[in-house]
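Here's the structure we're looking at; comments come further down.
The values are calculated or read from the model by the stated rules, or taken from the named source; none is laboratory data. Since the model is a prediction, treat every value here as computed from it, not as a measurement. Positions of Cβ are generated from backbone atoms using ideal geometry, with glycine treated the same way; all protein chains shown enter the neighbour counts.
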Amino acid sequence: MTAPQLAPSASSGLRRVLTFRDLFLFYIVTTFSLRWIATAAAAGPSAIVIWIVAALGLFVPLVFTVLELSSRYPEEGGLYVWSKRAFGPFAGFITGWTYWGANLPYFPGLLYFAAGNALFIGGPSWQSLSTNSTYFIVVSMTGLAVAVGLNVVGLNVGKWLNNVGAMATWIPALLLVILGVASWSRFGSATPLSAHAFVPTTSLKDVIFWSTIAFAFGGVESASTMGEEIQDARRTVPRSVLAAGAVMTILYICATLSVLLAMPKTQISGLQGIMQAIQVMTAKVGVAWLAPMIAALVALNALGGVGGWFAATARLPFVAGLDNFLPRAFGALHPKWRTPHVALLVQAGIAACFVFLGQAGTNVRGTYDALVSMGIIAYFIPFLFMFAAMIALQREPAAPGVIRVPGGTPVAIALAALGFFVTAVSIVLACIPPDDEPNKTLAVVKVVGASVVLVVIGAIIYAIGKRRTQM
């Protein structure tokens, strides 16, 4: 029996060659997210320092690991290929399976963020719905229906949702910074910015927040699945990764600081914090009419993110192209639109289950926190395999032209070990429920249980598929 092989994209036609500009924008769109700004600001000025620490502790190891492994093994597949080469086909399958599975709670979490911020379009009269579970469920289900519907029809249609969402990223972020500076210059800072305030604490709330910040820097590994579609990958990938990383870190820090300039950290929530800050800022500087427009852009950005990742993950090989490990229907194409409609619909159905699962025994904010935590754990499991593979694959000689970590094998192992440690700690911290969670035990069971079930299901599917191929 051979290990499962990567299949071509189910809807691929002519391959597109990605230039530096394409890849730079891709990294920004897939990695930078407005919702983490509010989460960071809720932790106070110390979030600025934590952004920098997370960039050094996870983003730097992640960048160098991706650069070296993608240049060592440039074939499409990324994390799946690296894990499989280092530890065998089962590790490769679980890496790919959990990477896909991480998006199942990610979609509802992002849709909850869109729903929460969309309430600012209607002003105070709509805010009564901010604690209404039915409203959030309806909006999430509607968003899933839009995302899957457009992608089933085809990327020629679905790409417009992605493009609109990408454009909607920049305007709110830049306006947030501009409004923050304007508010500060006229009224001063709403949050005390003493030197002591920037020192991270070890309180439970701040410690839990660290794992979310680490999660915000994920995404660099995503382009590794497109190695054969990147123009001069060994030169383009390093330049685009480093450029996007610098821009993204600056944007996160500046936008977080802008929110703190406008509002005290105690009034900021991860679910609606961005629009709460913008609403306050626009009122202060006399442009309150901007708030509903920005709210619409923030909601569109989140919906576009769902559409983009929905299309990408539905085409992952373990969903649509794994040979003999999933039913053949997952690799079927729609007779008219030539899209992997079965994979898309199944993915939407499972994501819908997470919408309702997250609501069990908690409030709207607790649901959002649970969905975020579920996503963090499942998303970081493949990172453990990736960093471990970086260490294990140092045993193989590097071919000419491979981008090595400066300092060679010792530095590569040290960076990968640092990334592995930060990732492992982030997984543990993601299991801890926030202070205001009404049912902490149930929250832990949901977060940890969902992640364990995901891994167990993957192992069962692998075992069944392996047995079937040996018969």
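Below is a table of values for the structure above.
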| read-out | value |
| --- | --- |
| Helices (runs of 4 or more DSSP H) wholly inside region 76-148 that include at least 2 residues being β-branched (Val, Ile, Thr) | 89-101 |
| From 224, 258, residue being touching a Leu at 6+ places or on another chain (Cβ under 9 Å), modelled with pLDDT of 80 or more and surrounded by 21 or more Cβ atoms within 10 Å (Cβ to Cβ) | 258 |
| Residue list for region 55-81, restricted to those being modelled with pLDDT of 85 or more, surrounded by 24 or more Cβ atoms within 10 Å (Cβ to Cβ) and over 19 Å from residue 424 (Cα atoms) | 69 |
| Flag for residue 91 being surrounded by fewer than 23 Cβ atoms within 10 Å (Cβ to Cβ) and under 17 Å from the mean Cα position of the chain (by Cα) | no |
| Residues that are at pLDDT below 80 and part of a helix (DSSP H, G or I), drawn from region 263-279 | 265, 266, 267, 273, 274, 276, 277 |
| Flag if residue 49 is modelled with pLDDT of 80 or more and either crowded, with 23+ Cβ neighbours inside 10 Å or over 18 Å from the mean Cα position of the chain (by Cα) (or both) | yes |
| Residue match in region 169-176 (condition: assigned to a helix (DSSP H, G or I), modelled with pLDDT under 80 and under 30 Å from residue 338 (Cβ atoms)) | yes |
| Residue within region 406-423 that is exposed (fewer than 13 other Cβ atoms within 10 Å of the Cβ), of a type in the set (A, V, I, L, M) and assigned to a helix (DSSP H, G or I) present | no |
| Residue that is modelled with the highest pLDDT, among those in region 94-149 that are among the small types (Gly, Ala, Ser), over 11 Å from residue 355 (Cβ atoms) and surrounded by 21 or more Cβ atoms within 10 Å (Cβ to Cβ) | 118 |
